[in-house]
1. Roughly speaking, what is the stretch gain from HIS154 to GLU77, that is 0.36 nm per residue apart minus the C-alpha to C-alpha distance, in nm to one decimal?
2. Could you compute how fast segment 47-87 diffuses translationally, taking Rh as the Kirkwood radius over C-alpha pairs and applying Stokes-Einstein at 37 °C with viscosity 0.692 mPa s? Give it in µm² per second.
3. Amide H of TRP41 versus every other amide H placed in the peptide plane: which residues, excluding those fewer than 5 positions away on the same chain, fall under 5 Å?
4. So how much slack lies between ASP85 and GLU126, counting 0.36 nm per residue of separation and subtracting their Cα-Cα distance, in nm?
5. Starting at 0 and stepping by 10 Å, how many percent of the alpha carbon pairs of segment 50-163 end up in each bin?
6. Give me, ordered by chain and number, the residues 5 or more places off LEU148 or on other chains with an amide H under 5 Å from its own placed amide H.
7. Extending each Cα 7 Å along its Cβ direction at ARG142 and THR55, get the distance between those two points in nm, one decimal.
8. Pairs LYS73/LYS122; LYS42/LYS79; LYS36/LYS122: which are spaced more than 30 Å apart, C-alpha to C-alpha?
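Just so it is clear, none of the values below were taken in a lab; they were calculated from the coordinates. In this text the structure is predicted, and so the values were computed from the model without any measurement. Because the Cβ atoms are built from the backbone with ideal geometry, glycine has one as well, and the counts that use them run over all protein chains shown.
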Amino acid sequence: MRVILMLLTGAVLILACNTKQQRAKQMKELSLLDEKEASGWKMRLHYLPSKSRDTSDWSLVLRIEHSSGLPQKMLNEPKFSYGIDSLFEVISPTDTLSPFMAIRVANGQTNGAEYMLTFDRKALREQGAMQLRFRDWLFSQRDLFFPLNLASIHQLDSIYTRI
């Protein structure tokens, strides 16, 4: 009897772990919102899920890497770290939102940069197509637009709050 109970408990634990792994994999796939390449730079936009549905903000991470993979000395200049909040905005059908926080993530990456952008959550409640505008005068000297898939963002928040 004890052996059967132990086997059943083990099976339940394995299934529970497998479900969490599946959710984590699904979250990773959903978090990548868009990918672009411009002037030798690869740019990936990711969504960071909120810890609870009650938060008033939401965050995006823009990872920028040089295509060569080699260290880029120019990234040490202050212009890549300061005053970057004016480079980003979310464009919705009814409004244009600037981030209330935009910081360069200090991660030791030498062949690129990573920026974390935090916006007011009210934009996510709107309907219609939304996009992140990146006025990129640092890397490719052009405006880049990243579409924001609201369905993926809402689904990712739902999965994250269940884990």
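1. Working: separation 77, 0.36 × 77 = 27.72 nm, distance 3.68 nm.
Stretched fully, the HIS154-GLU77 segment lengthens by 24.0 nm.
2. Values: Rh = 13.3 Å.
Reported coefficient: 246 µm²/s.
3. Counting only residues 5 or more places away or on other chains, the set is SER67.
4. Details: separation 41, 0.36 × 41 = 14.76 nm, distance 2.26 nm.
Here the answer is 12.5 nm.
5. 12, 41, 31, 14, 1
6. MET130, GLN131, LEU132
7. It is 3.3 nm.
8. Pairs exceeding 30 Å: LYS73/LYS122.
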